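Step one of this worksheet: look at the structure below.
What follows is calculated from the coordinates using simple rules that are stated; it is not laboratory data. If you're wondering where the values come from, they're calculated on a predicted model, not measured in any experiment. Every residue, glycine as well, gets a Cβ built from its backbone with ideal geometry; the counts of neighbours run over all protein chains shown.
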């Protein structure tokens with residue numbers, strides 16, 4: 001039956017894989033967030049040509065399963081592109097996960113940009129500000145506040161998507177749990193332990209989110 | 001619970017987690033050092049045999065989840081396949097690099113040229129032979145029908161007509177079911193992907209599966225499953241290590257095969273088989289089926 005000793009051992013040995021998962025998540029976040037901001041601005045101002053390309057990009061990454069994107073890139077294209085073949089699995093996962101999440105974050109940020117009243121833009125123009133100045137000084141500071149809750153949703157999803165790492169050979173939290181489950185034939189204990197570790201880890205992240213929200217609340 | 005106590009408790013949990021995280025980090029370094037030491041030993045052996053020029057390493061993608069062929073225990077990769085490859089490394093004078101990867105990604109690693117061979121009690125199947133070159137066969141695995149303990153009326157495939165079987169479509173069981181029931185009219189097939197056939201059978205979600213006779217008891221006991229093998233073996237797997245066809249590995253394959261032959265001849269292969277599987281499964285005729 002449920003082996004408490006095994007479960008507790010695992011509960012305390014799994015956290016040493018948190019750094020692997022966090023590293024993947026953090027690097028992907030950096031990539032996706034910076035890309036998403038650029039894409040959202042392109043979408044917001046409907047920059048010719050780039051806007052169409054961005055739409056195709058977003059449509060592709062939002063409408064196809066992440067695992068198929070990862071496998072096509074890491075295993076499929078690797079046959080034809082030496083640079084992908086020689087790429088580390090960590091780099092590949094971060095890249096695809098970053099590109100994938102950027103498509104969701106872009107829409108989140110675009111929504112936040114839209115939430116700022118047009119009147120403020122007109123007011124900015126009347127003061128002789130350029131579009132970029134209005135974006136930087138007027139729209140962004142307000143949009144950030146609106147964007148934080150949905151962005152952290154995106155970030156949480158991203159963090160959980162790193163669990164796909166083991167399919168390309170990264171032994172992260174999920175990979176370790178899968179190995180433990182398969183080798184011990186103790187599925188209940190292994191998956192329960194990994195769930196708890198993910199839960200605590202992401203609950204801690206959410207805590208950071210509410211601190212940031214609290215800080216922003218007092219502005220504007 | 002009052003707020004201070006709650007805070008104290010959550011703080012404590014975070015501290016414990018952080019502590020084990022850091023403890024984990026240093027433990028990891030130790031294993032790495034151990035691994036490096038092992039590699040150094042291999043490299044030393046390499047240098048002894050080929051002092052002139054170091055040969056390319058062989059990259060082996062393996063599951064890390066398959067008892068007793070390639071599994072993890074105490075954070076260490078071990079098993080029959082692992083020992084065979086380590087020995088191949090010593091005898092060819094090449095370093096062996098093991099890449100642990102999910103089952104789904106194992107063949108992907110070979111396809112993508114990221115690994116030379118794969119190892120996880122892999123079966124030679126007709127479909128796989130079209131795409132991969134296999135080394136010489138190093139083990140035989142007879143498969144038997146496996147049902148729950150209370151089932152009394154199943155002893156052969158025909159007894160399973162109309163019932164549910166869980167199987168891996170790309171392995172030997174898929175190949176066998178395709179020949180036994182090509183139109184898929186006799187047996188309802190449930191595809192296994194990522195889960196465990198043992199769990200599914202034990203829980204009663206399926207009626208039967210195939211399991212490897214050689215390692216049945218070892219795996220069954222580990223999970224405490226209330227299942228049994230019945231009847232004669234329905235098919236026998238031939239296990240070998242695949243590499244990608246037409247990928248310039250012909251010479252490497254010959255080199256590995258020569259070593260496998262040597263290991264078979266001097267008894268090393270049988271020895272490793274007995275060490276891990278508990279019986280000599282390297283020769284088909286040695287396997288005696290007993291209930």
Quiz item: How far is it, in nm, from the label point at residue B:251 to the one at residue A:118 when both lie 7 Å from their Cα along the line to the Cβ?
Solution: 7.2 nm
Quiz item: Expressed in nm², what is the orientationally averaged projection area of the convex hull enclosing the Cα positions of region B:144-219?
Solution: 5.0 nm²
Quiz item: Taking one equal scatterer on every alpha-carbon of chain A, how large is log10 of I(q)/I(0) by Debye at q = 0.11 1/Å?
Solution: -0.66
Quiz item: Quick one: if the Förster radius is 35 Å, what FRET efficiency do residue A:56 and residue A:136 give, using the C-beta to C-beta distance and rounding to 0.05?
Solution: 0.80
Quiz item: Just how far, in whole angstrom, is region B:253-291 from region B:100-130 if you go by their alpha carbon centroids?
Solution: 21 Å
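Using alpha-carbon pairs under 8 Å, 6+ residues apart, how would you state the relative contact order of region B:141-238 in percent? Intermediate results must be reported in sequence, preceding the final value.
Details: 162 pairs, mean separation 50.4, N = 98.
Taking the mean separation of contacting Cα pairs over the length of region B:141-238, I get 51 percent.
Taking the Cβ of each residue in B:113, A:86, B:136 as the centre, tally the other Cβ atoms inside 10 Å and list the residues starting with the fewest. Walk me through the numbers on the way to the answer.
Details: B:113 18, A:86 11, B:136 15.
Ascending Cβ contact count within 10 Å gives the list A:86, B:136, B:113.
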Self-check item: Förster radius 51 Å - calculated FRET efficiency between residue B:56 and residue A:26, Cβ distance, rounded to 0.05
Solution: 0.90
Exercise. Quickly estimate the mean residue ellipticity at 222 nm for the protein assembly as shown, helices only: each DSSP H run with n ≥ 4 gives -39500 (n - 2.57), and the total goes over all residues, rounded to 500.
Key: -18500 deg cm²/dmol
Exercise. Note down the nm distance, to one decimal, between modelled labels 7 Å out along Cα→Cβ at residue B:285 and at residue B:236.
Key: 1.1 nm
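How would A:61, B:134, A:166 line up from fewest to most surrounding beta-carbon atoms within 10 angstrom?
Details: A:61 18, B:134 21, A:166 26.
Arranged by neighbour count, lowest to highest, A:61, B:134, A:166 become A:61, B:134, A:166.
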Exercise. Estimate the FRET efficiency between residue A:79 and residue A:126 by the formula 1/(1 + (r/R0)^6), using the beta-carbon distance for r and 45 Å for R0, to the nearest 0.05.
Key: 0.20
Quiz item: Counting only the backbone N, which residues of region B:185-224 are under 19 Å from the spot 7 Å out from the Cα of residue A:5 toward its beta-carbon?
Solution: B:221-224
Quiz prompt | Length-normalised contact order for chain A - Cα pairs under 8 Å, 6+ apart - percent | solution = 31 percent
